[in-house]
Every structure is written in structure tokens, then in C-alpha cells.
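The values are calculated or read from the model by the stated rules, or taken from the named source; none is laboratory data. Just so you know, these numbers come straight off a predicted model, no measurement behind them. Every residue, glycine among them, receives a Cβ derived from its backbone with ideal geometry; neighbour counts consider all protein chains shown.
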Amino acid sequence: MTRNVFIVDDDEMFSGMLMEYLSRNKLLKVYLYSTGEQALNEISKEPVVAILDYHLNTNVKSAANGLDILKELKKNLPKVHAIMLSSQTKYGVAANSILEGAEQYVMKDETAFEKIHDIIVEILEEQGLN
Amino acid sequence: MKRILNFLFMESKKVKTAPVVGNIQTWPLEKGKYTDLSYLRKQTKGNQELMKKMIMLYLKQTPELLNTIKESTEEKDWVTVNTAVHKMIPSFWMMGIDPVFEKMAKTLQEHTSKNEFTEEIPKLVFKLEEGCLLACKELEVTITSLG
């Protein structure tokens, strides 16, 4: 049985490569959304993990940011595991994400794809879902 | 004496040092070598179609982001500059662009996150644009050699 994973990021390059990378794991069914609002509309898919970028309003100025989407997602799906992405090394950004319910904060660097995959595998193992 | 000074002046003009923006020395790259697709090749497992797709995304996304950065810099809209730079950062390592440009982008991010103008900002924007456009030119050629 496959497990649903949401990627919410308006960076087509990064999210496209991440989707490709995660989709190699046959246990995962990966869905890609460029805004958090789109992801919230598909919440009935009950993702086990949601990967959210901190900035989600580069292309759609009115789009909510990653932190607001994280709050909404957690409100509607309290069991969802959230991974926040950012290129910012600022402690405050990471701390805010964790405070709002993100389990992990991953920097968008060369090791991000592997790190995210490892985190997801760990989550599935902990829950006996793999 | 005048001849010696003239000679020294002419010699000093021959020395090509990379311009410095902030604390970052720019142009460490060999001429005509602005990108390195090793990382992309590894991540795509050599899938040329996927590599082409990613390069095309870079070629589409980069000029758009650069325009946003330039326009927002003129308007002193630092939040938008910051967001656009944030989106640009992963493309540097994905396309194997020299890390000096990623460092420049991160410096720009730091400056703009303070939400106030510094003299470094336009210089960094200019250098970033120059580097990215050269990378784009090179990738336009590279893409034709991919299957």
C-alpha cells in the first residue's frame, strides 16, 4: 500500500527534482502543489507527510506562506508529519516552524533530497507503515 | 621618474583582479565555464530527458526571478527581493554554478531581510544577474548537446 506525501513549493526546479527523487520509492505516492491553498483543497488524500516551503508566494502574491499553511494543515490533519524547507539559516525561521508543529526543518542544499527521503522513511518505520 | 610612474601605471592596468562585492571576490571561474552538471547528472541518474527538463526550467525561471529582483530593488521592496532570491538559491547548486554566486545570493538575502537599503544591494544584484545570464547562455548551448 502506498503512502501519500505532499510537496508544497512554488520552486518548480527544486520541487520537480524532489518529486522525482521521492517517487523512486515505490511506497510513496507523491503529490506536488505550488500553493498551500491547492494542497489544503486536497486534504482528503490524507498525506502521511507534508513537505512545505517557507516562502510560497513568489509566483502568486496573495498565496499564504508556509507557516500559515502548516497551521491550517495541522488543524485539519493533526497526525500529518510536516517538514519545513528553507534556504535561510536563521534560527528564528527554524524555531517558528518547529513551534507551529513542523517535526523537521531542512535546508534547501545539495543534501536536501536524501535528508527528506531519510526522514520520511524513518516516519514510516516508526509508524509501522513501511 | 615620470617614465617609471607611467610604466607602473600601465603594468597595474594589466593585472586582472576579480572585482570584490562586499567581502566576496567575484569571477573565480574559468572563462566559458560557468556551470557543472555533475550534480544534476547524478540526481537524474543520467536521464537526459529529465536533465533537459530541469535545464529548461532553469532557463525559464532565472530571467523571471532576475526581473523580479531588479524591479523590486528599484522599488525598494525588500520582502519580494528576499523571496525571489530564496527561490533562486537551489538552482545554483543544481546547475553547478560556482558557490560564490550562492554566497552572493545569501548575502543579498541577509541584507534584504533587514528591510533597509544598503549600498551593497544593487552591486550584488548586478553581479548576480551577470553571473546568472552567463550561466543561462552556457546552458542554452549545453541543452542542444543533450540527446
Of the conditions (1) small (G, A, S); (2) more than 14 Å from chain B (Cβ to nearest Cβ); (3) free of Cβ contacts under 8 Å to residues at least 12 places away in the same chain, A:G92 fails just one. Which one is it? (2)
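So which residues in the stretch A:87-105 are at pLDDT 80 or above and either assigned to a helix (DSSP H, G or I) or farther than 20 Å from A:L40 by Cβ (or both)?
Of the stretch A:87-105, the ones at pLDDT 80 or above are A:102-105.
Residues satisfying the conditions are A:Q104, A:Y105.
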Regarding A:E37, is this residue among the acidic types (D, E), more than 10 Å from every other protein chain (Cβ to nearest Cβ) and farther than 24 Å from A:G128 by Cα? yes
Go through the residues of the stretch B:65-81 one by one and say whether even a single one is at the interface with chain A (Cβ under 9 Å from one of its Cβ atoms), farther than 14 Å from A:M13 by Cα, assigned to a helix (DSSP H, G or I) and more than 14 Å from the chain's Cα centre (by Cα). yes
Just to verify a result, which residue in the stretch A:1-13, among those that are out of contact with any Leu (no Cβ under 7 Å at 6 or more places or on another chain) and modelled with pLDDT of 95 or more, is nearest to the other protein chains (Cβ to nearest Cβ)? A:F6
Can you give me the number of residues within the stretch B:30-64 that are crowded, with 17+ Cβ neighbours inside 10 Å, within 12 Å of chain A (Cβ to nearest Cβ) and outside any helix (DSSP H, G or I)? 1
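Per-residue answers, yes or no, for (1) among the charged types (D, E, K, R); (2) without any contact (Cβ under 8 Å) to a residue 12 or more places away in the chain:
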residue: B:N47; (1), (2): no, yes
residue: B:L65; (1), (2): no, no
residue: B:E71; (1), (2): yes, yes
residue: B:L139; (1), (2): no, no
Checking A:S44 against (1) free of Cβ contacts under 8 Å to residues at least 12 places away in the same chain; (2) closer than 20 Å to B:M51 by Cα, which single condition isn't satisfied? (2)
Members of the stretch B:89-112 found to be touching a Cys at 6+ places or on another chain (Cβ under 9 Å) and at the interface with chain A (Cβ under 9 Å from one of its Cβ atoms), listed by number: B:S91
